[in-house]
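Computed from the coordinates by the stated procedures, all read-outs in this text should not be read as laboratory data. Here the structure is a predicted model, which is why all the values come from computation and not from measurement. Ideal geometry is used to build each Cβ from the backbone, glycine not excepted, and the neighbour counts take in all protein chains shown.
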């Protein structure tokens with residue numbers, strides 16, 4: 001709405017991580033770094049201003065060699081004023097307490113957490129993981145698997161039992177048994193069912209991030225036809241067989257021809273005839289009408305936005321060898337004979353373009369745990385985290401020869417109380433937790449002069465509950481305790497981000513300003529204009545007097561010629577002749593009869609011929625010239641007009657024609673409201689410039705080149 005240019009500039013000011021690596025940082029500015037703007041005594045120097053300007057507007061202009069110098073100078077001068085106003089608003093907003101609003105704090109915390117995520121992982125491990133994902137994304141694998149479920153905390157003997165069983169299954173497959181036959185047998189053994197598929201366990205095609213990481217790792221390490229050793233994931237043990245792979249990524253648009261007859265010879269003859277038609281120059285869309293695929297033969301055989309696992313494997317191999325616009329030679333599948341034409345296929349963008357996508361995926365993917373775990377481990381050492389459950393108590397020396405006691409070594413802390421209070425139903429994400437459950441509150445972790453106790457840990461478990469295949473409470477609590485210590489170590493790093501990374505602090509601060517100014521503008525300009533009915537009415541009275549009908553820019557503030565119409569549709573001319581309907585309506589119009597009464601007169605004239613209540617329908621409207629197709633060009637005058645309409649006809653009554661006129665306040669409310677907001681914005685900025693003594697050093701601005 002108000003000040004779109006300003007908001008666009010503001011978004012540039014609030015640019016996130018991309019701002020940190022912008023090309024503007026490679027620029028060199030004068031050594032003395034003169035002041036460009038001064039607001040309330042705060043000096044904004046050329047380096048700071050130009051960084052914001054280049055990220056918001058200037059970089060795009062400077063990259064285009066066609067940009068006239070005058071346009072670049074104008075953009076710079078406009079941005080100086082916008083930025084001066086923005087910084088004055090920041091000062092005023094803070095003085096009014098906008099930076100303490102709870103909603104702002106919540107939104108800022110959410111944004112900061114997202115921005116901090118890349119800083120709280122091990123960069124070397126992360127780079128390797130991202131590169132690995134990118135390489136894998138070039139290739140999609142077709143796999144099948146056999147699974148036996150094992151809980152993450154299963155006892156070693158139970159885990160070994162399942163592992164050995166999977167080895168037995170693999171040995172049978174390696175000895176020649178059919179993979180899918182073994183898979184069906186296993187599924188039936190665990191859960192007897194008559195609905196097993198012939199290809200039970202077939203997962204189709206997938207690529208990086210489509211499966212859990214250990215499964216993906218194993219699959220991408222196989223050769224075609226190879227069966228893996230048992231692979232452990234959080235779901236259990238898998239045997240994975242790689243059927244096939246294709247050098248494809250994403251989705252594709254294709255068109256195809258298909259002959260589905262069971263007689264292969266007949267089918268081959270039919271597809272070859274189609275192929276010859278294509279070679280002779282016949283259009284693919286026309287040939288597609290002969291295809292046996294009734295769902296696509298009327299639209300040129302097109303299958304749009306198809307995922308890889310929606311297409312037969314043979315299609316994928318053919319598509320991989322085609323360029324856009326090319327079609328294949330005839331080929332055979334279990335479904336019959338085919339020809340495929342490639343319209344479009346996704347190609348993998350450059351690595352740099354995929355990194356943001358991968359990082360987003362990592363927040364919910366197991367492989368991201370590796371870089372986070374390495375980072376947390378490093379933080380434990382960096383900040384000197386001490387696990388008191390593994391730190392021995394001081395042993396008292398014996399009186400003889402200073403020897404220590406032979407008694408068992410005791411640790412400074414214990415998790416025994418936590419083991420005793422965590423219920424088994426935590427496996428279902430449930431726990432009727434209360435602080436009073438923790439009877440033995442003792443320090444567990446010490447780091448950077450701060451201690452975290454057993455109550456902190458119990459609360460951590462309670463707030464991080466999730467469904468879990470739980471067999472052993474001790475295993476579960478120990479696992480959560482490791483996570484608890486990692487979270488404390490990472491928290492230490494998180495709290496130091498602004499101090500350790502100035503660019504991070506800068507982006508967070510700019511976002512804080514942006515949120516604050518959005519709320520400030522809403523109260524001082526946008527909502528104020530909407531709520532101030534008296535002020536808006538006064539503005540309308542002033543502004544409407546400046547509008548001119550012959551000024552094209554003011555056309556939205558005026559009505560063109562308008563007409564009040566009543567339109568009657570008679571469903572069938574056999575019910576009532578058009579001439580008779582016109583006669584009835586013309587007479588009624590002269591008597592100023594109401595529209596409902598007119599409709600009743602027409603229905604009365606139809607009488608016993610009536611077929612339904614929709615024999616006569618009516619429309620009342622006020623229409624504007626140039627914005628309706630209800631009135632013909634020669635019908636913009638009072639009168640009665642008829643036109644044929646399928647079996648029936650329409651009678652249009654133009655009851656009144658209104659000349660062009662200025663729109664009333666509510667009729668043009670949106671346009672005037674926008675202007676009123678602009679006026680409030682200008683007045684506000686003028687008052688802030690005076691209030692906070694805003695100064696712009698135009699001599700410095702005029703010397704800037706970019």
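With no solvent and one point on each alpha carbon, what is the Debye value of log10 I(q)/I(0) for region 274-314 at q = 0.29, 0.30 Å⁻¹? The Cα Debye sum returns log10 ratios of -0.95, -0.97. The tail of the calculated P(r) for region 251-345 beyond 20 Å holds 28 percent of all Cα-Cα pairs. Look at 271, 631 and count the other Cβ atoms within 10 Å of each Cβ; fewest to most, that gives 631, 271.
Debye-formula intensities of region 137-235, expressed as log10 I(q)/I(0) at q = 0.11, 0.19 Å⁻¹, are -0.35, -1.07 (one equal scatterer per alpha-carbon, no solvent). You can think of it this way: the chain between residue 505 and residue 285 has 73.4 nm of extra reach, that is 0.36 nm per residue less the Cα-Cα gap. Working from label points 7 Å from Cα in the Cα-to-Cβ sense, the residue 382 to residue 573 distance is 8.6 nm.
Please report how far the C-alpha centroid of region 570-606 lies from that of region 623-648, rounded to the nearest whole angstrom. So the separation of the two Cα centres works out to 17 Å. Multiplying the residue separation of residue 411 and residue 105 by 0.36 nm and removing their Cα-Cα distance gives an extension gain of 106.0 nm.
Each label point was placed 7 Å from the Cα along the Cα-to-Cβ direction; for residue 344 and residue 326 their separation is 2.0 nm. Of the residues 504, 475, the one with the fewest other Cβ atoms within 10 Å heads the list, and the complete ranking is 475, 504. Take the Cβ atoms of residue 304 and residue 264, set R0 to 30 Å, and the FRET efficiency comes out at 0.55. To the nearest Å, what is the center-to-center distance of region 429-472 and region 28-89, using C-alpha atoms only? Using only Cα atoms to place each centre, the spacing works out to 52 Å.
Residues 226, 107, arranged from fewest to most other Cβ atoms within 10 angstrom of their Cβ, appear as 226, 107. Taking the centroid of alpha carbons for each part, region 275-354 and region 161-240 are 31 Å apart. The angle separating the long axis of helix 533-544 from the principal Cα axis of greatest extent in the chain is about 50 degrees.
The stretch between residue 361 and residue 667 holds 105.3 nm of extra length on full extension. This uses 0.36 nm per residue minus the Cα-Cα distance. Just one of (i) 62, 49, 30; (ii) 68, 30, 21; (iii) 58, 31, 22 is semi-axes √(5λ) of the Cα gyration tensor in Å calculated from these coordinates, so which is it? Computing semi-axes √(5λ) of the Cα gyration tensor in Å and matching it to (i) 62, 49, 30; (ii) 68, 30, 21; (iii) 58, 31, 22 gives (i).
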